[in-house]
Amino acid sequence: MIEIFSDFDGTLTNHDTLDLLLQRFAPPQWRDLDRAMLSGEISEREGLKLEMALIQAPDDLLLSTLETEILPAEGIEGFISLARRKGWPLHIVSGGLVAFAGALLKKWGYGDIPLWANDHRRNAAGGIEVIEAATPRLKENCSHCKSYHLQQALKRGSKIVYIGDGLTDYCPALLAHRAYAKANLLEHLRKHDFPAVPFDNLRQVARHLEENPV
Ligand SMILES: [Mg+2]
């Protein structure tokens, strides 16, 4: 059986929701944290917590901003209907926050697709406190260890398709039988000589996957 695992931010959406919230609601030092995470100076696990703590705006404002400005990625409808038609389970694995990703998916009519992500609450200073996804972890790098979900699917004997674009996709993509990649993930996989399929939008992913199943 083929199982599809997809990142959320920037993969199923036109923009990264966390980046948008940081751009709008955090003081500029989040950019230094982002750079430190990408260079490996600090882990995503450390960096996400520090970044999110900079956001003090209330959740309803954050959510309404996302609902206004974040759109589903180009080709999402055809991509999801391909998975449904073929009976390929689709799992969304996100390094973001479940309350926001879940609300957007529900708004777009995809609230039934399994979604794993981090949770959040407010710290004493009013900033966002990340509650790491309860998923067991294979490694310590990320707040949400996406690789664990893929490992479970491998144990089920599934062929794995992975789709992503960023730092929290580095580990899981390397476990997949087929990885569709863009942005930082594509660069990372190329560095590791992993044969990723580049993509710009989900229409291309759906077409490629339908013509070349794993
Ligand atoms: Mg992403």
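Worth pointing out:
- Between the beta carbons of Asp60 and Arg35, assuming R0 = 25 Å, the FRET efficiency works out to 0.25 to the nearest 0.05.
- Once the Cβ-Cβ distance of Ala183 and Glu77 is raised to the sixth power relative to R0 = 25 Å, the FRET efficiency obtained is 0.65.
- Annotation: peptides 164-177, 123-136, ranked by per-residue average of other Cβ atoms within 10 Å with the highest first, follow the order 164-177, 123-136.
- Taking a straight Cα-Cα cut-off under 16 Å and skipping sequence neighbours fewer than 8 places away in the same chain, the lysines within cross-link reach of Lys155 are Lys146.
- Two-site FRET efficiency, Asp112 against Met1, from Cβ-Cβ distance with R₀ of 25 Å, rounded to 0.05: 0.85
- Across every direction, the projection of the convex hull enclosing the Cα atoms of the range 154-214 has a mean area of 4.1 nm².
- Sequence ranges 183-193, 40-50, ranked by mean other-Cβ count within 10 angstrom, highest first: 40-50, 183-193
- With the simple spin-label model, which puts each label point 7 Å out from Cα in the Cβ direction, the Arg203 to Ala99 separation comes to 3.6 nm.
- Residues with amide H under 5 Å from that of Thr13, placed H, sequence gap 5 or more: Ala73
- DSSP bridge pairs, the chain: antiparallel proportion in percent, nearest 5: 25
- Per-residue Karplus couplings for the range 167-174, computed as 6.51 cos²θ - 1.76 cosθ + 1.60 with θ equal to phi - 60°, are listed in order as 3, 6, 9, 4, 5, x, 4, 5 Hz, Gly and Pro entered as x.
- Principal-axis analysis of the Cα atoms of the chain puts helix 76-86 at an angle of about 40° to the longest axis.
- With 0.36 nm allotted per residue and the present C-alpha distance subtracted, the Gln152-Glu210 stretch has 18.5 nm of extension available.
- Ordering of 54-65, 8-19 by burial proxy (mean other Cβ atoms within 10 Å per residue, highest first): 8-19, 54-65
- D_trans [Stokes-Einstein, Kirkwood Rh over alpha-carbon pairs] for the chain, 4 °C, 1.567 mPa s, µm² s⁻¹: 74
- Dipole moment magnitude, nearest 20 debye, the chain about Cα centre, only Lys, Arg, Asp, Glu C-beta charged: 740
- On Cα atoms only, tilt of 59-69 relative to the major axis of the chain in degrees: 50
Every number in this text was worked out from the coordinates using simple rules, so none of it is lab data. This one's a predicted model, so the numbers in the text were calculated from it and none came from an experiment. Methodologically, a virtual Cβ is constructed for each residue, glycine included, from the backbone with ideal geometry; neighbour enumeration extends over all protein chains shown.
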